[in-house]
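The values are calculated or read from the model by the stated rules, or taken from the named source; none is laboratory data. Nothing here was measured: the structure is a model prediction, and the numbers come from that model. Neighbour counts are summed over all protein chains in view; Cβ atoms, including those assigned to glycine, are modelled from backbone coordinates with ideal geometry. To get the accessible areas, we keep the full protein, side chains included, count just its heavy atoms, and leave off ligands, DNA and RNA. Shrake-Rupley method; radii C 1.70, N 1.55, O 1.52, S 1.80 Å.
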There are 2 protein chains.
Amino acid sequence: MSTRRRVSNLLGLAVLGLLQESPMHPHAMAAAFRERGLDSAFKLTTGSLYDTVNALLRAGWISAVEITRSGNRPERTVYAHTPLGRQEFLRWLDELLRTPAAEYPKFLSAVTYLGALGKEGAAAALRARSAALRTLIDDARRDHARVVDGGLAPRLFVIEVEYAVRMYEAELGWVEEIITEIETGALEWPQGVATEAGEVRG
Amino acid sequence: MSTRRRVSNLLGLAVLGLLQESPMHPHAMAAAFRERGLDSAFKLTTGSLYDTVNALLRAGWISAVEITRSGNRPERTVYAHTPLGRQEFLRWLDELLRTPAAEYPKFLSAVTYLGALGKEGAAAALRARSAALRTLIDDARRDHARVVDGGLAPRLFVIEVEYAVRMYEAELGWVEEIITEIETGALEWPQGVATEAGEVRG
DNA sequence: GCCCGTATACTCGGATCCGAGCGATCGGAA
DNA sequence: TTCCGATCGCTCGGATCCGAGTATACGGGC
């Protein structure tokens, strides 16, 4: 069916997004990124950034517009999006929004083997997660409120935080239900699916 | 702080999990995997499987127990977990459950640029997603019910499906709220954050 | 005037990931 | 009997990812 994406790293979407506004060199992208908190939605590492920029270049979605140098520092290559790049940005975005993709979050994988920790072990781990989730939610909520209530940016520009919070809350809810079910015995723990106590937190 | 995991691919967790039960060769693992539907929680590709097994071997968490051959087929190397491997399995599991890790789901990244599609474009894409999510949820629910109500396996063994469904539902809820907010105008769409109509679905 | 920490800007090599491909066997239909 | 598709089991090479490393410049304290 649809052939594999020419650039698959999502960082490429972010780069295209930044370049919609103005041409930039990679290091400036990284700075812009962190400044706007985009690095909570995209995984940014310097290595990947340069690789991704090169991939976009090969695909013809961006182009180098100038190479400058100040003093004896390394050259800075400034990139801009091409018309093709703009089109692809929108098409990619549309596809990502439209189609739920199979993802493999670590927690989902771990839950698959929940039984292996034994009732006590599982409950303890989940309690720790529950506490951590609360902190994450509080922090994200606070940040969001600061930006929106402070009029620093329109709500649309931080809408992804609302999504993230909602998902964290859902996870928290589930985790707490399962803790309760373990404690009350509502979740049956079959024989042989358990662990000698104390084997884990050594 | 804590040094990087020796084996980072989560597939390694699944392999360790399978080997808790009995020694196996990689091809059999792949089969067991699919048979139990583990491949919805772990990303399985043949290449990665062999790489992962090798990594586990290097780390000393599994060991080769025999090499058999039937007829002139390729050799089959059968692996078993080591005591260290069992310990690591539990430790890893515990850590994954306990600590929410930064993940970068595609949808979160895409939502960050929701504005770029314009009100109409964004609403259309989200409507499509909403429909797709409903299907996913229905399918997962049906599967879960078949297994549990049919007594094919204890509920604990398919608990991850409950988690997945819960998360899909949360996402669906959010998506539908945003669609409504776009339609009613409750979500303000700042000037200049829009797209010429028809640019996307070419 | 010198030192040191921070910012600028990118490179590099190794680890990881993955899907196409390969050579063999097996079972069933013609 | 012979062919063909399905299954068995693994290999390979290219793509991707990433963090440590490199090299220069700037600024402020003493």
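Pairs of Lys residues in the protein assembly as shown, spaced 8 or more positions apart or belonging to different chains, with C-alpha separations under 20 angstrom: 6 in total. Would you mind checking the tilt of helix B:26-35 against the longest principal axis of the Cα atoms of chain B, expressed as 0 to 90 degrees and rounded to 10? Helix B:26-35 and the main axis of chain B meet at about 50 degrees. In plain terms, chain B is cut at each of the GluC sites (Glu not before Pro) found in a DSSP loop with at most 14 other Cβ atoms within 10 Å, and the longest leftover piece is B:104-187. Cut-off 10 angstrom, C-alpha nodes, Gaussian network model of chain B. Which of B:P83, B:P154, B:P100 fluctuates the most? Residue with maximal mean-square fluctuation among B:P83, B:P154, B:P100: B:P100. Contact residues in the stretch B:85-105 (at least 40 Å² less accessible area with all protein chains than alone, 1.4 Å probe): B:R86, B:L90, B:R91, B:L93, B:D94, B:L96, B:L97, B:R98, B:P100, B:E103, B:Y104.
What is the helix-to-structure angle for A:83-98, meaning the angle in degrees between its Cα long axis and the longest Cα principal axis of chain A, kept from 0 to 90 and rounded to the nearest 10? Relative to chain A, helix A:83-98 is tipped by roughly 20 degrees. Placing +1 on each Lys and Arg Cβ and -1 on each Asp and Glu Cβ, with no other charges, gives the stretch B:120-195 a dipole about its Cα centre of roughly 340 debye. Please name whichever of B:V53, A:P83, B:V158 sits farthest to the positive end of the charge dipole of the protein assembly as shown, dipole taken about the Cα centre and charges placed at Cβ: Lys and Arg +1, Asp and Glu -1. It is B:V53.
Restriction of the trypsin sites (Lys or Arg not before Pro) in the stretch B:12-86 to DSSP coil positions whose beta-carbon has at most 13 other beta-carbons within 10 angstrom yields B:R69. Inter-copy label distances for A:A32: 5.0 nm (label point placed 7 Å from Cα along Cα→Cβ; shortest first). In chain B, the beta carbon lying closest to the axis that superposes B onto A belongs to the residue given here with its whole-angstrom distance, B:A170, 2. Simple point charges give the picture: +1 on the Cβ of Lys and Arg, -1 on the Cβ of Asp and Glu, and for the stretch B:11-98 a dipole about the Cα centre of about 100 debye.
In this rough spin-label picture, where each label sits 7 Å from Cα along the Cβ direction, the A:E120-B:R142 distance is 4.3 nm. Taking the Cα centre of chain B as reference, the dipole from Cβ charges on Lys and Arg (+1) and Asp and Glu (-1) amounts to some 960 debye. For the stretch B:56-164, the list of chymotrypsin sites (Phe, Trp or Tyr not before Pro) that fall in a loop by DSSP and count at most 10 other C-beta atoms within 10 angstrom is empty.
With label points defined 7 Å past Cα in the direction of Cβ, position A:E183 shows copy-to-copy spacings of 4.1 nm, given to one decimal and shortest first.
Chains B and A: what accessible area do they bury, summed, in square angstrom to the nearest 100, with a 1.4 Å probe? Using a 1.4 Å probe on protein heavy atoms, the buried area is about 7300 Å².
The stretch between A:E35 and A:L152 holds 40.8 nm of extra length on full extension. This uses 0.36 nm per residue minus the Cα-Cα distance. Residues A:S63, A:S40, ordered by accessible area of protein heavy atoms at a 1.4 angstrom probe radius and largest first, appear as A:S40, A:S63.
Listed values for the stretch A:175-187 are Karplus-derived 3J(HN,Hα) couplings in whole Hz (6.51 cos²θ - 1.76 cosθ + 1.60, θ = phi - 60°), namely 4, 5, 4, 5, 4, 4, 5, 5, 5, 7, x, 5, 9, and x replaces Gly and Pro. If one takes the longest principal axis of the Cα atoms in chain A, at what angle in degrees, from 0 to 90 and to the nearest 10, does the Cα axis of helix A:118-149 lie? It is inclined by approximately 40 degrees.
Shape verdict for the stretch B:11-98, please, from the Cα gyration tensor: rounded (a/c under 1.5), prolate (a/b greater than b/c) or oblate. Oblate shape, in that a/c is at least 1.5 and b/c is the bigger or equal ratio. Set the Förster distance to 30 Å, then compute FRET efficiency between B:T99 and B:E188 from the Cβ-Cβ distance, nearest 0.05. According to the calculation, E is roughly 0.25.
Sorted shortest first, the separations between the B:R155 label point and its copies elsewhere in the assembly read 3.8 nm; each point sits 7 Å from Cα along the Cα-to-Cβ line.
Short-range pairs are left out: with C-alpha atoms under 8 Å and at least six residues apart, the relative contact order of chain B is 19 percent.
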